[in-house]
Amino acid sequence: MILQAVDFIQIIADIVAAILNFLKLFVNPMGEFMVNWMEYVLQFFPLDNLIVYISIAIVIVIIGLIVNIAWPGNKKPGFLVKDKELEEKVEKKVEEIDAKIKKKIKKAKEKTKAIEEKAEEIEDKVEELEEDIEELGEAAEKLEEEAEELEEDIEELEEEVEELEEDIEELEEEAEELEEKTEELDEKPEKDEGKSSKTEID
């Protein structure tokens, strides 16, 4: 069992070694970069010289004293108070803006409702006008049909008038012939009377 465990650990070690060899190309440049920047930083913070670290500690202590004297206890610094005031002002302005936006939204909704109602009324009127137009179109078609019928009747009447004119002309001709005949008849008795008078004289 122990030998099997050792073999298993050896297999894992081989796998890790293979992975590290594969990642060597990526790990080595990163390690070199880390070494370089740590060496650069250690130039400013040397390990052998404690003066640098002592001076940093003194500066930190002095800054702490200044902060405690300027803002003792729970007193907040002025810039933080100003930040809170600014935040409160911003919140108030945001609330005012929200209220104005809500009012404008309500007005816009009311206007949209009114516009929708007007649009519905206009649609109803348009539908009524379309119906009226259809009725007028039907009436116009009927009138056109009636006009065509009247034109046909007029044409028939004109034909009848022409026939009547022809009949009148024939009647006039017949009347003229009758007048001529009556004149001839009137002339004949006169001639007969003249003859009878001559016979009496003889």
Can you tell me which of Lys82, Lys76 is touching a Lys or Arg at 6+ places or on another chain (Cβ under 9 Å) and at pLDDT below 85?
Lys76
Restricting to region 39-53, give me the number of residues that are loosely packed, with under 10 Cβ neighbours inside 10 Å and assigned to a helix (DSSP H, G or I).
6
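The values are calculated or read from the model by the stated rules, or taken from the named source; none is laboratory data. Note that the coordinates shown come from a computational prediction; the quantities given were computed from them, not determined experimentally. Heads up, the Cβs are rebuilt from the backbone with ideal geometry, glycines too, and the neighbour counts pull from every protein chain shown.
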